[in-house]
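Undergrad: First, the structure itself, so that you have it in front of you.
Derivation of every value follows stated rules applied to the coordinates shown; laboratory data play no part. As the structure is a prediction and not an experimental result, all values here were calculated from the model. We place every Cβ from the backbone using ideal geometry, glycine too, and count neighbours over all the protein chains shown.
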Amino acid sequence: MTFPNSLTVENLTVSYPNSKEPALQKVTLNVAASSILSIVGASGSGKSTLLRALCGLESPTNGTIKLGDQVLCSSTKFVRPDRRKIGLVSQSGDLFPHLNVFQNLTYGLINWRRADRKTRCKELLEAIGLPNFEKRFPHELSGGQSQRVALARALAPGTSLVLLDEPFCSLDVEVRSRLRSELSSVLKSCSASAILVTHDPHEALAICDRVAVLRSGEIQQYSTPFEMVASPSNDFIGQFVLQKNILPIQYKDDSYSTCIGKLRLPADTSISSRSVCTFDRNAIHIEFSSNDFFTVISKEYRINHYVYTVASGSIKLKSEMSLDTSLSIGDKCKVEAIHDQNFLVLPENIKSKF
């Protein structure tokens, strides 16, 4: 069953001339009505290419894009960007500096009666918490206010889907947090769906109904935030999205172990040679030891604890330690797993304890 503002993407592939690998490879997604999907990925993963393909600025090599029952793109059809009824909000908002808020909001409503434009503007300003801002110009708005107006402008024509390209990245922490928490209610009040592109996994997990993780143009996992946290599909999800430590596993002396100790796994457990152990920063303890292999390479203060990064060859681990820990950058240290802390073996998704 399709809804008026649901988006369906099937096997979407985008290739650029002179590029060996496609920018997007067989991407399949669905954005349900009045929901928020987050696209997470590092720079170069294909996030911007996906947005450009969805709003019609890029022609896919293969695949289908549908909004409700309307086919926007397929092997036989391509709908122009201005006819897709998809709004776009960029990092900077891109308000017209010479137009006031009313003129910016109603810029795409040129065929509406003035009375209807005024009503629509008032509705949107109420929805974004900026009533009576009609006559203000962009230079009279704060960064957060500008982004709210940019979102309202994207929604003004009755847009059923809004693409948000890292819209909060230039805002300070407090404003960013407040706008994130308000986004869902604003979209629901306008019966709109959204795709939020971000490189911040915490942002994606905090406010979105579903999360899709891109890497090298391919979807690594597409699930609810809860499912992603409970059952990451691979070590990339564990490390990039969930910010967990990753260690390779060796099998010797009839048991599985890592460089920081043995794993408590049932005797009949069978895992592949490429499996890894993932665990949280508070699952390990570090202490000074001049004869050990790990070296402290960074130390970050986090109000009630330090986050240490230690390295040995290609292996890097992070550990949360109390403020009375006296290790310094350059110190040698040993790393030990804390007894009874949880770990997860991927890709088998085996949960156990140290």
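Undergrad: Over all directions, what mean area does the Cα convex hull of region 244-353 project, stated in square nanometres?
TA: 7.2 nm²
Undergrad: Next up: What's the exposure ranking of Arg274, Arg264, going from fewest to most Cβ atoms within 10 Å?
TA: Fewest to most other Cβ atoms nearby, the residues stand as Arg274, Arg264.
Undergrad: Then there is this: Among Leu72, Gly93, Gln103, flag the residue with its Cα farthest along the positive direction of the charge dipole of the chain, charges on Cβ as +1 for Lys/Arg and -1 for Asp/Glu.
TA: So the residue furthest toward the plus end is Gln103.
Undergrad: So for the pair Asp172, Ile329, with labels modelled 7 Å out along Cα→Cβ, what separation do we get in nm?
TA: 2.7 nm
Undergrad: Another one. Just want to confirm a number: the relative contact order over the chain, from Cα pairs under 8 angstrom separated by 6+ residues, in percent.
TA: 15 percent
Undergrad: Tell me which of Leu183, Val229, Tyr256 sits at the most positive position along the dipole axis of the chain, charges placed on C-beta atoms (Lys, Arg +1; Asp, Glu -1).
TA: Checking the options against the dipole of the chain, the answer is Leu183.
Undergrad: Also: Could you please report the charge total around Arg176, scoring K, R as +1 and D, E as -1 over all other residues with beta-carbon less than 14 angstrom from its beta-carbon?
TA: Computed value for this residue: -3.
Undergrad: A follow-up question, please. What is the sum of charges, Lys and Arg at +1 and Asp and Glu at -1, for the other residues whose Cβ falls under 9 Å from the Cβ of Gly41?
TA: Residues near Gly41 contribute +2 overall.
Undergrad: Please name which of Leu130, Leu344, Val173 has its Cα lying farthest along the dipole of the chain towards the positive end, using unit charges on Cβ (Lys, Arg +1; Asp, Glu -1) and the Cα centre as origin.
TA: The residue sitting most towards the positive pole is Leu130.
Undergrad: Once you place label points 7 Å from the Cα toward the Cβ at Ala33 and Asp340, how far apart are they in nm?
TA: 5.0 nm
Undergrad: Taking Lys299 as the anchor, which lysines have their alpha carbon closer than 26 Å to its alpha carbon, excluding any fewer than eight residues away along the same chain?
TA: Correct list for Lys299: Lys244, Lys316, Lys318, Lys332, Lys334.
Undergrad: Could you identify which residue out of Leu50, Leu125, Leu163 has the top mean-square fluctuation in a GNM of the chain using Cα springs shorter than 10 Å?
TA: Leu125
Undergrad: Label-point separation (nm) for Ala311 and Glu218, each offset 7 Å from Cα along Cα-to-Cβ?
TA: The answer from the label model is 2.8 nm.
Undergrad: For region 162-234 and region 92-108, what is the centre-to-centre distance using only Cα atoms, to the nearest Å?
TA: After rounding, the separation between the Cα centres reads 25 Å.
Undergrad: First select every other residue whose beta carbon is under 14 angstrom from the beta carbon of Gly261; then total the charges, Lys and Arg +1, Asp and Glu -1.
TA: +1
Undergrad: Calculate the tail of P(r) for the chain: the fraction of all Cα-Cα distances greater than 26 Å, expressed in %.
TA: 59 percent
Undergrad: Please give every one of the lysines within straight-line cross-link reach of Lys77, meaning a C-alpha to C-alpha distance under 17 Å, and leave out same-chain neighbours fewer than 8 residues apart.
TA: Here the lysines satisfying the reach criterion relative to Lys77 are Lys66, Lys85.
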